[in-house]
Amino acid sequence: MVPWSEGDLALLVACNSAEMTVHLGGPEAHEQVVSRHRRYLALEERGRMFRVVLDGDAVGSIGYWERTWQGEFVWETGWGVLPGFQGRGIAAAAARLVVEEARGAGRYRRLHAFPSADHAASNGVCRKAGFRLGGEHDFEYPKGHWMRCNDWSVDLGVSGVRTPSEGPPPSS
């Protein structure tokens with residue numbers, strides 16, 4: 001994994017295909033992809049995005065970012081591996097690395113992933129990366145598109161969990 005950079009917009013565009021977004025409501029408009037790229041670049045202490053690299057080639061992306069879930073601040077993760085590289089364990093390996101990155105950030109106790117309940121491959125990534133299944137929930141993602149998701153999580157062993165009413169933990 002390599003930290004996300006200005007030059008990674010092309011990878012994000014490549015991941016914005018019908019095949020890659022079938023479980024996410026379909027491809028985004030180009031302006032939305034550019035906006036997502038800018039958000040990835042601006043995460044700073046609120047998370048981190050990475051380019052997944054295999055033999056020098058960019059083959060996908062993964063990251064983690066802040067979210068509020070069931071009354072507490074947590075990290076959320078998500079990933080995508082280009083179709084020609086799927087089925088090789090790349091996403092699961094990247095997910096295990098992102099668990100360690102989120103743990104190292106030391107801010108939140110849990111890292112969650114919310115794949116579509118009917119997306120067997122992403123649910124398999126969660127299982128292979130050591131996440132525990134917590135149940136199903138309805139999510140609106142993207143705006144206007146409701147989907148049924150599984151809530152998978154990993155305990156990062158970080159103490160000092162804060163609720164939204166207390167505000168996020170201070171930056172390190």
Determine the relative contact order of the chain: mean sequence separation of Cα pairs under 8 Å and six or more apart, normalised by residue count, in whole percent.
19 percent
If amide H atoms are modeled at 1.01 Å from N in the peptide plane, then the residues at a separation of 5 or more from LEU54, or on another chain, having amide H under 5 Å from its own are VAL59
Could you give the size of the charge dipole of the stretch 2-166 about its Cα centre, using +1 on the Cβ of each K and R and -1 on the Cβ of each D and E, expressed in debye and rounded to the nearest 20?
360 debye
Classified through the alpha carbon gyration tensor (a ≥ b ≥ c as square roots of its eigenvalues; rounded if a/c is under 1.5, else prolate when a/b is larger than b/c, else oblate), the stretch 46-107 comes out prolate
Relative packing of 135-145, 108-118, 36-46, 55-65, which averages over residues the other C-beta atoms within 10 Å, highest first:
108-118, 55-65, 36-46, 135-145
Considering just Cα atoms, how many Å³ per residue does the convex hull of the stretch 2-166 enclose?
117 Å³
Cut-off under 5 Å, modelled amide H: who pairs with GLY78 long-range:
GLY63
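Computed from the coordinates by the stated procedures, all read-outs in this text should not be read as laboratory data. Just so you know, these numbers come straight off a predicted model, no measurement behind them. Counting neighbours? That spans all protein chains shown, and the Cβs are built from the backbone with ideal geometry, glycine included.
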